[in-house]
Structure formats: structure tokens, C-alpha cells
Amino acid sequence: MLSPPEVTVLPDQLTFKPLGIDTWQEHVIYMHPDCAICRAEGFAAQARVEVRIGQLAVIATLNLVGSGLLETHEVSLSVSAAEHLLARPGDIVSVSHAPALESLRSVRAKIYGTHLDTHQLAGVISDISNERYADVHIAAFLSACAGGRMSVKETIDLTQAMVDSGERLKWDRPVVADKHCVGGLPGNRTSPIVVAIAAAAGLLLPKTSSRAITSPAGTADTMETLTRVALSASELRRVVDRVGASLAWGGALSLSPADDVLIRVERALDVDSDAQLVASILSKKIAAGSTHVVIDVPVGPTAKVRSLQDLERLRMLLERVARSFGVHVLIVRTDGMQPVGRGIGPALEARDVLAVLQRMPTAPFDLRERSLLLAGALLEFCGAAAPGTGQDVAAGVLDSGAAWRKFEEICEAQGGLWVPGEAVFRRDVVAEQDGIVVDIDNRHLARIAKLAGAPMRQVAGVETHVRLHDRVRVGQPLFTIHAQASGELEYSFAYARIHPAVALALSEQDAASGPVPAGAAPSPMDRASHQATQPPGAMASGEVTPQVSTTALSSSDGAGRL
């Protein structure tokens, strides 16, 4: 048997050694501090360098590894960088100083309050979309643009730059419909239902969605538990031509690709400013070829938009920017006082969506009604229903089963319809006293769901059991934390104990004088023990008794086929 030929490595050559380090889409290169290239080029840790393998190149951040993981002639790459470069063990790697980024001068100018012109914003977004910025540079740009520091003109120019950073779709229809929610309200997963209803009623909806930014799930995250969402532009067009609609992830389409890079850093910062929000929404809709967009804006004290003043400021910005691109938008104000549906997190929200579309008796009533409101508004806005009749038309489409059949068609066209997975671990947060639910903190519930692993772990999140004004009894579950790792479950549960998400008043009279926080029980209680000790009739009217919880329901995030 012949031995493979030995590869001679020259003293100034570097070869790739895979270490499998996942930096979540940030390109990083790992080098030995004593390698000849580092010394000759004067590279220091955190330097920005250009990395090439063959004809492919990326800009990466340098990390120095002085342990025995790498020889002086070896380099490693983060998973994202290795995938981008199609790197294989032993590949010859060249490393040089990254080109100077002139657009960083614009970022520094914005930090000090300077208004940026069209050319400056185009330069920043071009470099971001081409992955020339480190995450710290992107974070600086996002921070400099937050807090009302962007003018309307800058927001229009930012939107245009984001549209120009990728492809644009065109459709041979005078009306191309879309629907979007600004977010900030857990469980508000109306888009799949609205798209199914509107498409069944004859509208064209090439719906593309983002992943979560500051929430436990985005529409793309939820749909990914049900079907394939990473479609190419040609695949999206094929799906829409075939069934009249899609429910795809915009990040795979190269539609406003800079937006997906910004979202990744926004998620880490947990920020989403008005200008970035408007540019993100509209750049994707413009690039997708949409002409008429209904935008759902939940308003509430713990929602993303907290007051009517905030709503009007956002409405003005959305309408002015959309008008400059010839896009028609309709802003619909909805209730943001409490979560929608029962599930918070990709798989849990997907189950709510399926329940509504399949007209199950146990389907969350509020999710159904909100979806009908928005679908009716979209039908009227696009001329598919007479004024004042949209909601009734939408209800007829849903109740006839046409919306469910259309949803099945969309999923099958995108690759098949699956059953969402279930979490391995569950733990209840219960009422420590009798009382009436007088406040639900959306932000705390969202944080609890994210600490449990959502949206990265699809089955993680929170399942709510009570609504505002429900009467509860001591020991009754207020919500259940779902997690795929015991450590994340305990982490999330500990946060829930310190930051109560549900507040109770002892009586109707006490409700007027202020809520009493309802915390977590001091010791773990599984669902079986709750079923045994819960007083008769303790569950809220209209709620279904939760399934008995165990500590090992499933061994993976996998899903079966419907």
C-alpha cells in the first residue's frame, strides 16, 4: 500500500489545521505568536487581516494561540471563516494586512454627532455587507445611530444603501402584498397565519422574514421548525410561482444582506433603534418587490413601542421612508399589554400557529383574533376585500380550511411540513398566593425564554398558562420554562425568581392599589405534582390543562414529518 505523498511546508508557508472553534459567524484566524509571518508582518492580537486560500478571501480578526494547539507553521480558522474559504486540512493559507477601511472615518464622525451623507452611509453599509468590519466596529455604528441620532434623510439613505447591498426581486403583478410586525411582544406569531389566509384569498405574498433580534423567536426561527426556510432567490421564485406565497428566511436570499450582519450584532447588544428598525423592515420589503405592506405595531408598557408618542414617531418615519421608495404601508396598532398565544420560543410558537390554522378547539383565541384583524386589514389594503369586510372574509378563509391547505402547500413547496420538536427539560413557575393577574412583563418573559436557550435551541422557551385578569390559586403554574439543557433551565429559572414576570393582586380592590409580584416556587415542582396538588378549577377559563411534565421528553431538537 502506497503512503500518501508528504507535503513540504516552506518556512514562510502556513497550513490550515481545523480546531472546530465556533464564533457564531464572526471570522477569526488563530496563529502561533512565534510564526514567521506574525513576526515579519508585525501582527498583534486583534489585528484585522486578510486571509486567502486559493482565490477565496475573508477579512478576519487575529487571535494568538501560544499553547501546543498550533505549530508555528499552522493556522486555524473559526467555523464561519473555514466554511467561507472552503478550507481543508493542509491547505496553504496566506495572511496579510487587511486593506484600510475609509468608511470607519464615517463611523467615528457619527459617534461625535455628525450627519452622514448618502455616499458615507453607502460606504459603511458596503463594507459591512462585504464582511470587512469586525463586530466591535458594527457595534459602534449601531450605537452611534441609536437614541434618535438619525435624521429622516439619513434613514432613507441607510435604507437605500441596504437595498443596494444585495439583490432585488421583481414580480409581474401590480400588487405584491406583505405583512410585518415590529416585534417586542412575545408569542406574536401572526405572520404565518396571515400569509396563509391572504394567499388563499388570492394575494401574491413573497414573504421573507428575519431571525430574532431582541426576541426569543423571529418568524424565520419559528418557520424553521416547520419547513425549510433557507431558500435561494430562484427557489423562492419557484415556490411563489407555484403556490402564490412563501415563508422564507431573508438571510439566505442576499436581499439586503447587510441587514443580517447588523441583526447578528444587534442581537448581542439587545438594541433595535427606530432608524435601524425602519431601514431593516423596508429594505427587505423593497428588495423582495413588495408594493403594499401592513405593519403590526404592538403598543404597551413592556413592548418595544411603549406609548402612543413612540407609535406616532415610528409611524411618521415608516411612512416617510416608504413613500420615498413608492411603497404603500399601513400601520396597525395592536395591544401590547401581554404575550400573544401560549408559546414563547420557535417550536412553542409553531405549535400555536398550527393549532390556529387547523382550527383546533384548544387554539389560542387571541392569536386567532389578532391574525384575522391583520389579515383583514391586508385584504382591504390590497383591494382583495371591500372596505369593512376584510375581517369577515379572512375568517371565512380560515374557518373553511382554505388557509390550512394553503399553508400546507407553502411548506411542501419549500421542502416539506414537519412536526416541531419538544424540550427535554421543563420547570414550572407557580403562584405563591391566591390572587388576580394584574400585570405581565413582556420583557421579563422574553428574557426568561432567551436564557432557557431560545431561539438558538428551537424547542426552548416559555409556555404561559395565565392571562391578564385571570384568578389564580396558590401553587398554580403561571408559566413553564422549556429547555434542552439542564444548566440553561436552572439559569432561566433563577432569573425568573429574581425578576417576576407575572404580578398578582390579592383581590379586585387590591388591583387598583398595585400588583404583588408572583415569584417562582423555592423548590422544583414537576407537572405531575402540580396536577396532584392543584385545587379544582384553578386553571384559567378557556385554558387547557398542561401536559404532565417529565425530565426526559425527547433527546434532541429533531422534528417528525406531518
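Taken together, the values in this text are just the output of simple stated rules run on the coordinates, not laboratory data. Because the structure is a prediction, the values reported are computed rather than measured. Positions of Cβ are generated from backbone atoms using ideal geometry, with glycine treated the same way; all protein chains shown enter the neighbour counts.
Note down the net charge around Ala161, summing +1 for each Lys or Arg and -1 for each Asp or Glu among other residues with Cβ under 14 Å from its Cβ.
With Lys, Arg at +1 and Asp, Glu at -1, the neighbours total -2.
A straight line joining the Cα centroids of the stretch 263-290 and the stretch 30-62 runs 32 Å.
For mean projected area of the Cα convex hull in nm², the value calculated from this model appears in (1) 29.0; (2) 30.3; (3) 26.2 under label (2). Using Cα centres only, tell me the gap between the stretch 104-145 and the stretch 162-202 in whole Å. The two parts, judged by their Cα centres, are 28 Å apart. Ranked by the mean number of other Cβ atoms within 10 Å per residue, highest first, peptides 152-159, 349-356 order as 349-356, 152-159.
Of the residues Ser67, Val356, Ile331, the one whose Cα sits farthest towards the positive end of the charge dipole of the chain is Ile331 (charges of +1 on Lys and Arg Cβ, -1 on Asp and Glu Cβ, taken about the Cα centre).
Peptide packing for 265-275, 434-444 was compared via the average number of neighbouring C-beta atoms within 10 Å per residue; ordered from the highest value, the list is 434-444, 265-275.
Relative to the longest principal axis of the Cα atoms of the chain, helix 486-498 runs at roughly 60 degrees.
By DSSP, the beta bridges lying fully in the chain are antiparallel in about 60 percent of cases.
I'd like the distance between the alpha-carbon centres of the stretch 487-508 and the stretch 304-325, rounded to an integer number of Å. Each part reduced to its Cα centre gives a spacing of 33 Å.
A Cβ-based charge dipole, computed about the Cα centre of the chain with Lys and Arg at +1 and Asp and Glu at -1, lands at about 820 debye. Over the chain, dividing the summed -39,500 (n - 2.57) contributions of all DSSP H runs of at least 4 residues by the number of residues returns a 222 nm mean residue ellipticity of -11500 deg cm²/dmol.
Subtracting the Cα-Cα distance of Leu468 and Arg39 from their residue separation scaled by 0.36 nm leaves 148.0 nm. Distance from a point 7 Å along Cα→Cβ of His499 to each backbone N in the stretch 340-378: keep the residues under 17 Å and list them by number. It comes to 344-345, nothing else.
Charge dipole of the stretch 78-234 (Cα centre as origin; +1 on each Lys and Arg Cβ, -1 on each Asp and Glu Cβ, all else neutral): 360 debye, rounded to the nearest 20.
Ranked by the mean number of other Cβ atoms within 10 Å per residue, highest first, peptides 404-413, 18-27, 448-457 order as 448-457, 404-413, 18-27. Just how large is the dipole of the stretch 61-127 about the Cα centre, in debye to the nearest 20, putting +1 at every Lys and Arg Cβ and -1 at every Asp and Glu Cβ? Its charge dipole is roughly 280 debye.
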